[in-house]
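For reference, the structure is listed below as structure tokens.
The values are calculated or read from the model by the stated rules, or taken from the named source; none is laboratory data. All figures in this text were calculated on a predicted structure; none of them were measured in a lab. Here the Cβ positions follow ideal geometry from the backbone for every residue, glycine too, while neighbour counts run over all protein chains shown. Accessible surface areas use protein heavy atoms only, side chains included; no ligands, DNA or RNA. Shrake-Rupley method; radii C 1.70, N 1.55, O 1.52, S 1.80 Å.
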Amino acid sequence: MPGKLKVKIVAGRHLPVMDRASDLTDAFVEVKFGNTTFKTDVYLKSLNPQWNSEWFKFEVDDEDLQDEPLQITVLDHDTYSANDAIGKVYIDIDPLLYSEAATVISGWFPIYDTIHGIRGEINVVVKVDLFNDLNRFRQSSCGVKFFCTTSIPKCYRAVIIHGFVEELVVNEDPEYQWIDRIRTPRASNEARQRLISLMSGELQRKIGLKVLEMRGNAVVGYLQCFDLEGESGLVVRAIGTACTLDKLSSPAAFLPACNSPSKEMKESPLVHPPSHGCRSTHNSPIHTATGSRLTQNFSVSVPTLIYTGMGSGSAGKEGGPFKALLRQQTQSALEQREFPFFTLTAFPPGFLVHVGGVVSARSVKLLDRIHNPDEPETRDAWWAEIRQEIKSHAKALGCHAVVGYSESTSICEEVCILSASGTAAVLNPRFLQDGTVEGCLEQRLEENLPVGCGFCHIPYDELNMPFPAHLTYCYNCRKQKVPDVLFTTVDLPTDATVIGKGCLIQARLCRLKKKAQAEANATAISNLLPFMEYEVHTQLMNKLKLKGMNALFGLRIQITVGENMLMGLASATGVYLAALPTPGGIQIAGKTPNDGSYEQHISHMQKKINDTIAKNKELYEINPPEISEEIIGSPIPEPRQRSRLLRSQSESSDEVTELDLSHGKKDAFVLEIDDTDAMEDVHSLLTDVPPPSGFYSCNTEIMPGINNWTSEIQMFTSVRVIRLSSLNLTNQALNKNFNDLCENLLKSLYFKLRSMIPCCLCHVNFTVSLPEDELIQVTVTAVAITFDKNQALQTTKTHVEKSLQRASTDNEELLQFPLELCSDSLPSHPFPPAKAVTVEKASPMGEGNFRNRSAPPCANSTVGVVKMTPLSFIPGAKITKYLGIINMFFIRETTSLREEGGVSGFLHAFIAEVFAMVRAHVAALGGNAVVSYIMKQCVFMENPNKNQAQCLINVSGDAVVFVRESELEVVSTQQPTANCQPSCTGGEVTT
Amino acid sequence: MTSELDIFVGNTTLIDEDVYRLWLDGYSVSDAVSLRVRSGILEQTGATAAVLQSDTMDHYRTFHMLERLLHAPPKLLHQLIFQIPPSRQALLIERYYAFDEAFVREVLGKKLSKGTKKDLDDISTKTGITLKSCRRQFDNFKRVFKVVEEMRGSLVDNIQQHFLLSDRLARDYAAIVFFANNRFETGKKKLQYLSFGDFAFCAELMIQNWTLGAVDSQVADMDVDLDKEFLQDLKELKMLVADKDLLDLHKSLVCTALRGKLGVFSEMEANFKNLSRGLVNVAAKLTHNKDVRDLFVDLVEKFVEPCRSDHWPLNDVRLFLNQYSASVHSLDGFRHQALWDRYMGTLRGCLLRLYHD
């Protein structure tokens, strides 16, 4: 008997009136875990019952503890008829299963009903006593920590980053079972919620087992998704990065003065070599096919693009041997892995050596209606196929790993598009595992990685490039080759030198498709996909040039399939990397240059484009240091005056042609202006309005060029659905509608948040879905953070100055002492960690103290504030503790849509309720914030004729405790003789 | 392309004060949008009308959802659905319960019943306040009235506790409840010159001195109902005017004391008996509910108007009333000194407040 779960029902408040006669309620509570149910007494005639129950004790396997949610049902007692359900609370007790997280769950939970929404609150206390039972064959994975955060969590240090873990679980969707015809919508919704809760628990447990197998103790960048496949079933799948994490015991060790979270990152993990005992030679990870009964009889794989910088150039050999050496090492470290993928998007310094470019793969599958358990092909095999493809793309780019890796699906009826994307990269083997690496070799390698530009250097062989690329010598160190444009799916590395500010860049695209069935449909889709990818890429490239920038970070391309159209939406944050060459402009060329008025028109357009570029450069403060040609010298084959890029990425592919994976036609770089499509493209380029002054936006964690955030943050979700009039369904009209939809949405956000100026919208995350024939739904989640304008100006100025200075010194030194430069410009790397450790030891601060301070004021009458943010940090604050993962799934349905304020009223209330439930769970865990919050799914269906609507929402994030930096200083200055008693009594009996 | 659905939900609920005011004032979304356009917000922010429309809709929806909670403000503090900083919560509540002077003057002292509610149409037309806003204000009055009507303890405290209003607003509501409960007539033409503030001032004095709570702080209804016994006793004051000797003595005491100090001395001397009769008769009549209702009409008719027609300066009124009340203590034949003080102390305050143009 490995665990005892104890539950106490304290009280209820604000219950709904269930008895019209008395205007009161006779409430009691059922507490259910697994197959055991307890009941409280009936508390007669009250809307604020005080049950104060005994401790209900469940003796359960830890396997069940991981899989099952605790289910609390509040009911109204009725003597003569059946008891009426008021609502339910599902509590995931996983956070109680590892010792470092929460020890007790205690607080007010909203009582939720899938038909009526939140109906009052209930106060519950939950504890778990775990008993270790080492002899058993382990089926549970208690103790493995899960993080949604896609970087090493703030108060941990990564000892080893093991690599990719994945798993999927399949089941029938209760909504489509025969029984659904005879049960109430409420029962059906609840069955679904419960099933998904169970499946996520199971999935998490299985992933945990894999992590233990790899000798890891945590999963970072855990991303769990649901595929609602309709009649063919329900898939819950998850990916993550297995790590061995070490807790930095005192959060006070961080210098409270350091403002930017990235700085903190730099100092925290990994900088000293893994001296921890946990070295392991792990065997190849995991690929267990879950017994999926679902099958597929049709599949089309889509040729995939590889995005990177384009152009051509000659080779340089400097640094070659080191690169080769490095590659060798990394290879040996990664070779053993089936999929050397990492879901992380931000890394410890030195981890990311080179970045190749974005790799992605898509595949169109047909979901099978026929129930055929003997069919060997499963969802696992589908994903394995795609991952294999990604892996080979990465190889083609001379990379052995893929970082910033993610997977997604889009389903419409029986067609499913599976997508995976990531950034091909060369990693430093030091972090991947164990001691095969010699210390001195490491040292040498490190010295040879120039700071701030190393990741830009091409990982592939210049003489044997996988695609035509235009290479130049790095503008920072002048020793290695860099591409002219860099696309990645990761966050901007903290040490990257960026000039000016960044901005959100989106490519938006619609393509009509004929309605078709089954295979014909799948074929039609897969025929369209390459064109869409191509168009999206072209748009991104053009918009990037228009902004005067040369790199994209956090690139996310979403292709959504609908009945009669495909939508593509790509979002990324454009920046100007100092290491990369200045981007050329955009030049328009006509096809028939004889016509005079036509020429005039073209030159007019050209002028507009040039003006826009100049304006953008000013707006984003892009003024790279002028580098004289003499310094650059001969190795640069083509100086910067090339400015003709249009329509194709393979602009001047005069050298390598056979390896041209990017399917660019050599003559396509001339924009044919008499082509209406092209016209549209140019116009749409120019119609993108920059955000109003005082606003910036990006889809990465933080905005390059802004680093003085205030603590004022506002996370929000905005949803828009438009109905297309079926008359004007042409590709162009569609594109325009979609473009307007996104632009208007952004404009609305800027307007709504105007009181926060100067402010930046960070982690802007757009999702598109096509719920019905003529409906387009766009969901945006982001966080607005105010920053201090005065300081911002200062820092950017000094930043630019610094980079100017650096550039000049670099140039000087380049000529004289090229080797010393690199070691000199290494920042004070070896020291900060040591310092951190000593401070850590010297500080007598216990953890309990922090918890005490930040414990939500539950005794107080008002509700404690819980912050939510999609970022991994909270500006101006230190995260002192991770309490566990929040992963919640809700269904809401109504049969009185009009009465609830129509679709907008319905969804507005539901999202507000979801936020409330997330906050309540975090507060009950003793936390005061959710970081890395994400709304993974928001499926909305309506039937206004029947006055009905239904919505499914899936959210996740990490519950944390944070302490304001100002408070932290106060704490650390006054020597705490104070009692370090834990804020929660008991619950720590675990062995 | 039409927008089917358009929402914005923040982790911290966004409250736009200007839109909240428009919503409270009962404007429809389209009216609110055009008012906002007129305020020049589009030029300031570079937004479009569509953006403004969407923003206004969003705020209206939020307010609509909050309204249920605003009906019981402590619920707003304890609810989990909307995360709102305390200062904003206070603002929401305070503004929601705020009322228009013009409106309150129309319903002050009326029975807060369905009948009155039906008259809201007329009030709306008369005052130019939207019907929606009238309804909200009326419902607020009624809600507060219902909650505190039969409660023990101080009226102001009860209102503050159950509606979390500021001290100022809670006092105003106490006056409204007090007036509604006693049904004082405030709508007569000759009372039109009086502001809500004037009445509220009087209500406060009356609550302090004339209610049951003034004697015993543990009774239900203590601050809402007038002390019946006290009203009954007021009949005793009648001898001040019925007994001719007493009246003459009183007059001579007042005149002696005020000679040379009043600018309107002769007018006062000439009018003394009328004024005194008026004031004492008002007291004596208070046993009848109907006369209680007419209290303010009587005070204005019997005292304010005569003085005003003789152009008494306010200071003279004050000197007179002080002397008039104090001199009674020197009337040997009069035994109800305490009663007189309880009555006249309050009345003096009220009259001074009511005496203006």
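Every pair of different Cα atoms in region B:99-208 enters the Kirkwood calculation, which places the hydrodynamic radius at 14.0 Å.
Peptide A:909-921 has a mean shielding of 4, counted as Cβ atoms of other protein chains within 10 Å of each residue's Cβ. Comparing Cα centroids, region A:146-180 and region A:337-365 end up 17 angstrom apart.
Protection proxy ranking for A:498-511, A:164-177, B:185-198, using the average of other Cβ atoms within 10 Å per residue and placing the highest first: A:498-511, A:164-177, B:185-198. Treating the angle as unsigned and between 0 and 90°, give the value, to the nearest 10°, between the Cα long axis of helix B:86-97 and the longest Cα principal axis of chain B. Tilt relative to chain B: about 60 degrees.
Between the helical axis of B:131-148 and the longest alpha-carbon principal axis of chain B there is an angle of about 60 degrees.
Only Lys, Arg, Asp and Glu carry charge here, each on its Cβ (+1 for the first two, -1 for the last two); on that basis chain B has a dipole of about 620 debye about its Cα centre.
Listed by chain and number, the lysines whose alpha-carbon sits under 27 Å from that of residue B:273, ignoring those within fewer than 8 places in the same chain, are B:188, B:189, B:190, B:235, B:238, B:244, B:251, B:261, B:285, B:290, B:302. Distance from the C-alpha centroid of region B:13-49 to that of region A:720-776: 22 Å, rounded to the whole angstrom. Look at the stretch B:40-52: the mean tally of other chain Cβ atoms within 10 Å of its residues' Cβ atoms is 3.
On the beta carbon distance between residue B:352 and residue A:689, with R0 = 56 Å, the FRET formula returns roughly 0.30. Other residues within the sphere of radius under 13 Å centred on the Cβ of residue A:15, judged by their own Cβ, net out at -3 (K and R +1, D and E -1). The share of accessible area on region B:227-353 that comes from carbon and sulfur is 48 percent, using a 1.4 angstrom probe. With contacts taken as Cα pairs under 8 Å and at least 6 residues apart, chain B reaches a relative contact order of 15 percent.
With the charge dipole of region B:99-208 set up from +1 on Lys and Arg Cβ and -1 on Asp and Glu Cβ about the Cα centre, the Cα lying farthest toward the positive end among the listed residues B:184, B:147, B:124 is that of B:124. Over 32 Å apart at the Cα level, from the set A:247/A:481; A:391/A:481; A:736/A:867; A:747/B:75, are A:247/A:481; A:736/A:867; A:747/B:75. Using C-alpha pairs below 8 Å separated by at least 6 residues, the relative contact order for region B:285-357 is 37 percent. Dipole orientation for region B:15-81: of the candidates B:66, B:47, B:33, B:66 has the Cα lying most toward the positive pole (charges on Cβ; Lys, Arg +1; Asp, Glu -1). Panel note: contact residues of region B:57-78 (accessible area lowered by at least 20 Å² against the chain on its own; 1.4 Å probe) correspond to B:61, B:65, B:75, B:77, B:78. Electrostatic tally near residue A:774: other residues with Cβ closer than 10 Å to its Cβ, Lys and Arg +1, Asp and Glu -1, net -3. The residues packed around residue A:516, meaning those with a beta-carbon under 13 Å from its beta-carbon, carry a net charge of -1 if Lys and Arg are +1 and Asp and Glu are -1.
The long axis of helix B:337-354 is offset from the longest Cα principal axis of chain B by roughly 50 degrees. Each peptide in A:15-22, B:56-63 receives the mean, over its residues, of other Cβ atoms within 10 Å, and ordering these scores from highest gives B:56-63, A:15-22. The charge dipole of region B:204-345, taken about its Cα centre with unit charges on the Cβ of Lys, Arg, Asp and Glu (plus for the first two, minus for the last two), comes to roughly 460 debye.
Buried area at the B:A interface is about 3900 square angstrom, summed over both chains, from accessible surfaces computed with a 1.4 angstrom probe.
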